[in-house]
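Participant: Quick one: this structure, given as structure tokens, is what I'll be asking you about.
Each reported figure results from applying straightforward, stated rules to the coordinates on display, with no laboratory input. If you're wondering where the values come from, they're calculated on a predicted model, not measured in any experiment. Neighbour counts run over all protein chains shown; Cβ positions are idealised from the backbone, glycine included.
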Amino acid sequence: MSPMRPQPPETAPSKSPRPYRVLVVDDEVHLRVFLATAFRTAGYEALMAPDGDKGLHLARRQRPDLITLDLMMPGQGGVTMYQGLQEDPELARIPVMVISAVEAGTFRHTLRTLAAARGVALPMPAAYVEKPPNPDQLLGLAAELLGGAARTADRFTI
């Protein structure tokens, strides 16, 4: 069964809910396609962006239910995109699963450094997975994030 968005009570029963929409942001085309294919095979709708600038634009336009985000990308990288997501009240509600070769501790340090420079703390992402990702683990985390279970700190896998 495909992961589907719950229907609001006022929706007519004949109208089926759309699948959850996942935005995959990664500059490595093979990984971007791999992740999108894993999500599509599991019944999700997958959108793809090759960098943070295009990813932020697509997030604003498509309003995905979940975003997977690489950190190290040319141009506007993942940290800048993450910051942009958190600064937009509508986009800040979307759970972000960081998938990166950067260690989780290094990313935490980066967020603390940004907070010190800006005077405003950025929240940790909903989940953090170090590359290479395991598709079963990613799909399990996605289902958990979209179901609203567990705390952020419990979803960091190294």
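Participant: Place a +1 charge on the Cβ of each Lys and Arg in the stretch 21-115 and a -1 charge on the Cβ of each Asp and Glu, then give the dipole magnitude about the Cα centre in debye, rounded to the nearest 20.
Facilitator: 220 debye
Participant: Picking from P132, M72, L85, whose Cα lies most toward the positive end of the charge dipole for the stretch 21-157 (charges on Cβ: Lys, Arg +1; Asp, Glu -1)?
Facilitator: Sorting the options by dipole projection puts first L85.
Participant: Once Rh is set to the Kirkwood radius over Cα pairs, what Stokes-Einstein translational diffusion coefficient, in µm²/s, holds for the stretch 21-157 at a temperature of 20 °C and a viscosity of 1.002 mPa s? Write down the numbers at each step before the final one.
Facilitator: Numbers: Rh = 14.7 Å.
D, rounded to a whole number, is 146 µm²/s.
Participant: Separate question: What length, rounded to one decimal in nm, is gained on full extension from N134 through to E103, with 0.36 nm per residue of separation minus their alpha-carbon distance? Don't skip to the answer; put the middle values down first.
Facilitator: Numbers: separation 31, 0.36 × 31 = 11.16 nm, distance 1.60 nm.
Between N134 and E103, full extension yields 9.6 nm more.
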